[in-house]
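Just so it is clear, none of the values below were taken in a lab; they were calculated from the coordinates. Source: prediction; values computed, not measured.
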Amino acid sequence: MNKKTRRLTLSALFAAFTFISLYFASVWPTGLFGLVAFASLFCAATVIEAGIAHGSLVYTVSSILGLLMLPNKAAPLLYIFFFGYYPVVKSLIEHINAIVLQWTLKIIVFNISLTVIWFLFSELVFNFGNNPPDLLLLYLGGSAVFALFDYGYTKVIWLYINKVAKFR
């Protein structure tokens, strides 16, 4: 199989796996954040295997299919506004050699995403009811959880590169 066909086939396969993960996230609300984060790993695998352009394609196709076909829109919206494009952004940011700049950019991207999600979809995603949280605590706590997420995400990507991708 030539390289272009392999990349396109992997992209289609990973887009399908992403959609399936988003489907489970939409019908199993207690697993919303975890399953949407899991769905983003397929975009990361696409970036590793086929490049940023194909990773962006998987993100776009999965996002559109999720919005059009899933019963609960919280999962595709979380995917669209953070988890889906983060593997592409992470790949671009991690090509910068300054670690402090990398973390600064990652935290900025996260906080912009959190702001957009908060203002557009807080009732749908967070569901705090009549007791909204202190926004400073939300951003500080969210940034801390994001840092842990990014660290774990990096470890899973490392595992993929060293245990799965090396057998291709």
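Some notes on this structure:
- Per residue, the average separation of C-alpha pairs within less than 8 Å and at least 6 apart gives the chain a relative contact order of 20 percent.
- Reach of Lys163 by Cα under 25 Å, taken over lysines that are not fewer than 8 positions away in the same chain: Lys3, Lys4, Lys90, Lys155
- By the helix-only formula, in which each DSSP H run with n ≥ 4 contributes -39500 (n - 2.57) and the sum is divided by residues, the chain has a 222 nm mean residue ellipticity of -25500 deg cm²/dmol.
- Separation between Cα centres of region 77-95 and region 132-162, rounded to whole Å: 12 Å
- Evaluated over the chain, the Cα radius of gyration and Dmax, each in Å: 16.2, 57
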